[in-house]
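The values are calculated or read from the model by the stated rules, or taken from the named source; none is laboratory data. Bear in mind the structure is a predicted one, so any value in this text is a computation, not a measurement. Positions of Cβ are generated from backbone atoms using ideal geometry, with glycine treated the same way; all protein chains shown enter the neighbour counts. We work out accessible area using only protein heavy atoms, side chains counted, and drop any ligands, DNA or RNA first. Shrake-Rupley method; radii C 1.70, N 1.55, O 1.52, S 1.80 Å.
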Amino acid sequence: MATWKRDAASGLIVLVPLLLTLFVVYWIYSQIANFGLLGAIEPPALRVALAVVVFVGLVFAVGYLMRTAVGSVGEAYIDDAINRLPGLRVVYNASKMGVETVLAGGSGEFQKPVKIETWDGLRMTAFKTGKSTDDGREIVFIPTSPNITTGFVVEAKPEDIEDLDESTEDALTRVLSAGFGEAHEKDLEELVD
């Protein structure tokens, strides 16, 4: 009886993420294919290809513009305008900071996963930010599970931070999967039995 449970769990572990990914890709494709101005272009695959080419071109054009003085002034103007809008400024600033952190990398320390002891005997996965306070504490980000875009910013003593011997991807997988991201076949068997 345990064998069929293990087989079913293994099948679900493979198929559910695959189906969700395909659904998201299909949804994005549908949204682009039905986008207003592109609606007259046939077939839909050509609409999507054109939208992707235009978007990639726009990304590179804006990126090139940002290396100039005009780009810096434009970015400052956009930041100022959006920061005057109460609801949108939170979303804009959070997404901008997230993209800057991921793409620019900052000092490179943000990507380093660590464990910190938050309460007596309770350890949590966190990520170094590369910043520290005036009194020498390191600032780390503790993401929540399964939504890693929210979490806690904590000031911790360096001796309370334990470096992990794992990749950032492994640590993020564990957090995103609510702790099940490291399940190997042996662990899966114990989970199902």
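Based on this model, can you work out whether A104 counts as at pLDDT below 85, surrounded by 12 or more Cβ atoms within 10 Å (Cβ to Cβ) and aliphatic (A, V, I, L, M)? In short, no. Reported count of residues in region 21-49, each being in a helix (DSSP H, G or I), open to solvent by 70 Å² or more (accessible area, probe 1.4 Å) and not small (G, A, S), is 12. Scanning region 122-138 for residues that are in a strand (DSSP E or B) and open to solvent by less than 40 Å² (accessible area, probe 1.4 Å), we see that the one that is modelled with the lowest pLDDT is T129. Restricting region 108-121 to residues that are more than 16 Å from P143 (Cβ to Cβ) and either open to solvent by less than 80 Å² (accessible area, probe 1.4 Å) or within 15 Å of the chain's Cα centre (by Cα) (or both) leaves a set whose member that is modelled with the highest pLDDT is G121. Taking every residue in region 144-157 that is at pLDDT 85 or above and pairing it with any residue that is assigned to a loop (DSSP other than H, G, I, E, B) and of a type in the set (D, E, K, R), at least 6 positions away or on another chain, the pairs with Cβ-Cβ distances below 7 Å are E155/R137; A156/R137; K157/R137.
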